[in-house]
1. If you take the residues of the range 25-76 that are small (Gly, Ala, Ser), over 28 Å from Ala266 (Cα atoms) and surrounded by fewer than 24 Cβ atoms within 10 Å (Cβ to Cβ), which of them is nearest to the ligand (Cβ to nearest atom)?
2. With respect to Thr204, is the statement that it is among the hydroxyl-bearing types (Ser, Thr, Tyr) and either in the same structural domain as Gly274 (by TED's automatic domain parsing) or part of a strand (DSSP E or B) (or both) true?
3. Any residue at all in the range 208-217 that is farther than 21 Å from Pro11 by Cα, assigned by TED's automatic domain parsing to the domain that holds Pro113 and in contact with a strand residue (DSSP E or B) (Cβ under 9 Å, 6 or more places away or on another chain)?
4. I'd like the residue in the range 225-261 that is part of a strand (DSSP E or B) and of a type in the set (A, V, I, L, M) and, out of all such residues, is nearest to the chain's Cα centre (by Cα).
Amino acid sequence: MKNTKTSLYHPLKIGNLHLEGNLFLAPVAGYSDCAFRYVCIEGGANFTCTEMVSSEALVRNSVKTEQLLKRAENEKAYAVQIFGGNPQIMAQAAGIVIQKAHPEVIDINAGCPVPKIVKSGAGSALTRDFEQLYQVTKAVVDAVNGEVPVTVKIRSGWDYSNLTWKQAATAVVQAGAAAITMHPRTRAQGYEGKADWSLLAKLTEHIAGQIPVFASGDIFSPQAVKDVIEQTNVDGVMFARGAMGNPFVFEETRHFLQTGVAMDTAPQIRIRAGMKELRILIQEKGEIPACREMRKRFCAYSKGLEGSSQLRTRIVAANTQKDFEELFAPYIQD
Ligand SMILES: Cc1cc2nc3c(=O)[nH]c(=O)nc-3n(C[C@H](O)[C@H](O)[C@H](O)COP(=O)(O)O)c2cc1C
């Protein structure tokens, strides 16, 4: 059933899960771990998702893969995203995820364009092969047995001659999914060109309120959120690249949607969030791997700072927490 919308920012339900708002953090491999999700929740994200987790690796009991499932300390509700092309393995993996991580939602990746993933019949191969998408979704829905809602994230299709989003969406609804997200680029596009929001408008028309529809793709600012909701009637939006370096984009967006007034977050506040993210990541991974991982993230945090190109040279050479503290000290003084 359609969620009741009173403004562009509004509560919504995914199955029986009630969320305060409709601004989500997208699944992003190598980024949306529990440290980044923690700062995004502090920055106002209403719902978050892990990066894609291999169903095969879960079934093999890979310890490294299990670490990806971890809930952030401030995370009241989150989704674990799993990928795979085999319905039985996906069903088994969903059971493992519920047993080990107790997430509020399980999301199925039907959009990843990486050749290795696609070759295994997973990711965007499932948007193209919508019969298999039905089998995979149904197997996961049956496996979780109503314990949590199952959602699916698709692309618009394989390439421009094979825009299969409509059949994929029908398959997902028929298999019992509780929500659908579309990134309206094809597998062939990767991350190039523009996301075609007009397809999101067609998707919401096609779904006709049976389940909530979420948008992902080229949503980089509060204004973009307003535009995409107004143009397509989606129920919620996901920030992916738009949250990198600015986890406060969620709060900025909520404020903008509710008041019409833009609100900027001071660079010091963004850098402080980055330092918090670093501290959490150190607890999770140890200092050296965490610092290496944070280099690219601090490059994003430093965008727009004075002397940011020189700063980036130092960021990519930082090895310890102290290195980062020293190089950002001039920017976070009160
Ligand atoms: C580095 C990177 C990693 C991504 N990893 C995932 C992933 O694990 N699962 C997924 O469904 N989408 C993944 N995506 C796609 C994003 O969730 C999102 O749909 C896409 O980036 C478009 O949104 P944007 O234009 O706001 O970045 C990834 C995107 C990027 C750039």
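The values are calculated or read from the model by the stated rules, or taken from the named source; none is laboratory data. Everything numeric here is computed off the predicted structure, so don't read it as measured data. FYI the Cβ positions are ideal-geometry reconstructions off the backbone, even for glycines, and counts take in every protein chain you see.
1. Step one: filter the range 25-76 for residues small (Gly, Ala, Ser), giving 26, 29-30, 32, 35, 43-45, 54-55, 57, 62, 72.
Filter once more, so that each one left must be over 28 Å from Ala266 (Cα atoms): 54-55, 57, 62.
This time we only want the ones that are surrounded by fewer than 24 Cβ atoms within 10 Å (Cβ to Cβ), so: 54, 57, 62.
Working: Ser54: 11, Ala57: 14, Ser62: 16 Å.
Selected residue: Ser54.
2. Numbers: among the hydroxyl-bearing types (Ser, Thr, Tyr): yes; either in the same structural domain as Gly274 (by TED's automatic domain parsing) or part of a strand (DSSP E or B) (or both): no.
Answer is no for this residue.
3. Applying the first criterion (farther than 21 Å from Pro11 by Cα) to the range 208-217 yields 217.
Now drop any that are not assigned by TED's automatic domain parsing to the domain that holds Pro113, which leaves 217.
Those still in the list that are in contact with a strand residue (DSSP E or B) (Cβ under 9 Å, 6 or more places away or on another chain) too: 217.
Yes, the range 208-217 contains at least one residue that is farther than 21 Å from Pro11 by Cα, assigned by TED's automatic domain parsing to the domain that holds Pro113 and in contact with a strand residue (DSSP E or B) (Cβ under 9 Å, 6 or more places away or on another chain).
4. The initial filter retains those residues of the range 225-261 that are part of a strand (DSSP E or B), namely 236-239.
This time we only want the ones that are of a type in the set (A, V, I, L, M), so: 237-238.
Values: Val237: 10, Met238: 6 Å.
Of everything passing the filter in the range 225-261, Met238 is nearest to the chain's Cα centre (by Cα).
Listed here are the residues, each with its yes/no results for (1) basic (Lys, Arg); (2) touching a Ser or Thr at 6+ places or on another chain (Cβ under 6 Å); (3) closer than 15 Å to Val234 by Cα.
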{"site": "Pro115", "(1), (2), (3)": "no, no, no"}
{"site": "Ala168", "(1), (2), (3)": "no, yes, no"}
{"site": "Ala171", "(1), (2), (3)": "no, no, no"}
{"site": "His183", "(1), (2), (3)": "no, yes, yes"}
{"site": "Ala188", "(1), (2), (3)": "no, no, no"}
{"site": "Lys194", "(1), (2), (3)": "yes, no, no"}
{"site": "Gly209", "(1), (2), (3)": "no, no, yes"}
{"site": "Val213", "(1), (2), (3)": "no, yes, yes"}
